[in-house]
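One structure is given below, encoded as C-alpha cells.
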Amino acid sequence: MIPEREDLFAQIVAWENLYRAYHKARKGKRYRLDVADFEYFCENNITELQHELQSGQYVPGGYRNFRIQDPKPRLISAALFRDRIVHHAIMNIIGPILDRGLISDTYSCRTEKGTHKAADKAQQLVRHYRYVLKADIVQFFPSVDHDILLTLVQKKIHDERTLALLQKIIVSGRGILDGEYRTVWFPGDDLFTPAERYRGLPIGNLTSQILANFYLNPLDQFVKRSLQVQGYVRYCDDFLLFANSVQELQVIRLQVMQKLTQLRLIIHQQKSVIQPCRRGVLFVGYRIYPYYRKLRRQNVSLFRKRIRHYRKLEAQGELSRRELLERIRSWLAHAAHADTYRLRQRLFKELFFAEDPYLCQDL
C-alpha cells in the first residue's frame, strides 16, 4: 500500500483534524444559532463527534432543503453543522488524493482554481480557436450514480473504514433529489434498472461538490488522452471543447456523448451548440469574447434581487452586517473580472448610495 494512503481514517478522526474542520465549517456562519450552540461547548462536542466516528456509531443527520434561483432553479440541501464538520474532516485528508489524479483543465472545487481561472483559460482558448462546442449535463447532481462513484473512489482510496464513512455520507442523501430526476434508460438497461440504482448527491455538501467533480474525471481523461483535444476546459458539469472546424467538433460531440453513457449521464441536446468563438461564449457567469468579457444579464438581475433579500434577512436579525458585506464584496469581485466598471458604478448609485449610504462606506 502507498504510504500516504495508510490509515487515512485515523487521520480523519484525529482531534486536530476535526478541530481544523470545525473552523472551516463555521467560516462565515458564526452568527447562526446551530453554529453558536456547537461553539458554546466546542471541545466537548468535537470529542463526542470523534468518539462516534471512532466507534462506528456516527450517523449523518437530516437535511434542511430550500430552493434558489442560480440562475436556474436548484434544490439546496444543507446538512447539520456537525455533519458539515465531518465533511470537511474527510476532505481535508482524501481531497488532495482525489485531486492529484485530475487534469489541469478542470477548475471546480480545487485549490488555486475556481471560476475566474476557468474564465481566463476559456478566454485564452477563444483567442486561439475558431469554433467552440459548449455543453452541460442534464440534471447532473441528481444523476450521479452511487455504485459508479464508489468504484471510482475505491481506485484511489484503499482504507476500508474511510470508504465506509464516505459511503455513509453518500447514502445519507438518497431520495432527496428523486423529484429532480427525470428517468433515463441507458444501453443495457431493462425496464426496472433506473429504479434499482441509487443516485444523487445533495447540492450544498462539500463532499458532494468534490465527489461530483471527481466523478467526471473519466470524461476529462477521455477528452485529453483518447481524443487528444488540446482546447478543453471544464467547470463542474459545464465544459467547452475547441477546434478550428465544425466537422471536427461534431465528431467529438458524438464521442463525448457515448463516453458519458458509461457514467449514466447525458448532455443537453438543445444547449449543446457549436458556434464561432467571435460571437462570445457563455461560461461561468460571463460572456467571454477574445479580448473582453461581459456579465450575463441574468447575473445582474439576480444580484439586485439578492441584495434586497439579504437586507430583509439583516433587518430580521438572520444575517449580520459582516456577512452582508462579505456577500456583496464577493459578487463585486466576480463582476470586476469582466468589463463592468460603468455597471458597478450604476449599481452602487442604485442599490447603495440611495438606500443605505452607511453600507456604501463600509464597502
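Being closer than 20 Å to residue 200 by Cα and among the hydrophobic types (A, V, I, L, M, F, W, C) is the requirement here; does residue 98 meet it? When the stated conditions are applied, residue 98 passes them. Scan the range 291-303 for residues that are part of a helix (DSSP H, G or I) and either open to solvent by 40 Å² or more (accessible area, probe 1.4 Å) or over 20 Å from residue 68 (Cα atoms) (or both) and the total you get is 3. The condition (being over 25 Å from the mean Cα position of the chain (by Cα), surrounded by 16 or more Cβ atoms within 10 Å (Cβ to Cβ) and of a type in the set (Val, Ile, Thr)) is satisfied by just one residue among 252, 288: 252. For the range 246-268, the set of residues classified as closer than 21 Å to residue 209 by Cα, in contact with a helix residue (DSSP H, G or I) (Cβ under 8 Å, 6 or more places away or on another chain) and not aliphatic (A, V, I, L, M) consists of 262, 264, listed by residue number. Among the residues making up the range 202-217, those that are within 11 Å of the chain's Cα centre (by Cα), among the hydrophobic types (A, V, I, L, M, F, W, C) and either part of a loop (DSSP other than H, G, I, E, B) or closer than 19 Å to residue 26 by Cα (or both) are 203, 206, 210.
The set of residues in the range 166-178 that are free of Cβ contacts under 8 Å to residues at least 60 places away in the same chain and open to solvent by 20 Å² or more (accessible area, probe 1.4 Å) comprises 167, 171, 174, 175, 178. Scanning the range 269-284 finds one or more residues that are modelled with pLDDT of 80 or more, closer than 30 Å to residue 188 by Cβ, open to solvent by less than 40 Å² (accessible area, probe 1.4 Å) and touching a helix residue (DSSP H, G or I) at 6+ places or on another chain (Cβ under 9 Å).
Selection over the range 138-168 of residues that are aliphatic (A, V, I, L, M) and either modelled with pLDDT under 95 or over 22 Å from the mean Cα position of the chain (by Cα) (or both) gives a count of 2. Filtering the range 231-245 for residues that are of a type in the set (A, V, I, L, M), touching a helix residue (DSSP H, G or I) at 6+ places or on another chain (Cβ under 6 Å), farther than 19 Å from residue 149 by Cβ and in a loop (DSSP other than H, G, I, E, B) leaves an empty set. For the range 304-323, the candidate set comprises residues that are of a type outside the set (Gly, Ala, Ser) and assigned to a loop (DSSP other than H, G, I, E, B); within that set, the residue that is least open to solvent (accessible area, probe 1.4 Å) is 319. Quick one: in the range 149-159, of everything that is in contact (Cβ under 8 Å) with a residue 40 or more places away in the chain and open to solvent by 30 Å² or more (accessible area, probe 1.4 Å), which residue is nearest to residue 282 (Cα to Cα)? Looking at the filtered set, the residue picked out is 156.
In the range 28-57, of all residues being open to solvent by 90 Å² or more (accessible area, probe 1.4 Å) and at pLDDT below 85, the one that is nearest to the chain's Cα centre (by Cα) corresponds to 30. Taking the range 221-236 as the range and being open to solvent by less than 20 Å² (accessible area, probe 1.4 Å) and closer than 28 Å to residue 92 by Cβ as the test, the residues that pass are 233, 234.
Given the structure, is residue 22 hydroxyl-bearing (Ser, Thr, Tyr), within 25 Å of residue 326 (Cβ to Cβ), surrounded by 12 or more Cβ atoms within 10 Å (Cβ to Cβ) and touching a residue at least 24 places away in the same chain (Cβ under 8 Å)? For residue 22, the condition - hydroxyl-bearing (Ser, Thr, Tyr), within 25 Å of residue 326 (Cβ to Cβ), surrounded by 12 or more Cβ atoms within 10 Å (Cβ to Cβ) and touching a residue at least 24 places away in the same chain (Cβ under 8 Å) - is met. Look at residue 303 and say whether it is more than 30 Å from residue 94 (Cα to Cα), modelled with pLDDT under 95, over 24 Å from the mean Cα position of the chain (by Cα) and of a type in the set (Phe, Trp, Tyr). No; evaluated as a whole, the condition is false for this residue.
The residue list 202, 187, 218 contains one member that is open to solvent by 20 Å² or more (accessible area, probe 1.4 Å), within 30 Å of residue 86 (Cα to Cα) and touching a residue at least 60 places away in the same chain (Cβ under 8 Å), which is 218. Going by the structure shown, is residue 259 open to solvent by 20 Å² or more (accessible area, probe 1.4 Å), closer than 23 Å to residue 182 by Cα and touching a Leu at 6+ places or on another chain (Cβ under 8 Å)? Here the answer is yes, as residue 259 does meet what is asked.
The values are calculated or read from the model by the stated rules, or taken from the named source; none is laboratory data. Everything numeric in this text was worked out from a predicted model, so none of it was measured. All Cβ positions, even for glycine, are placed from backbone atoms using ideal geometry, and neighbour counts span all protein chains on display. Heavy atoms of the whole protein, side chains included, go into the accessibility calculation; ligands, DNA and RNA do not. Shrake-Rupley method; radii C 1.70, N 1.55, O 1.52, S 1.80 Å.
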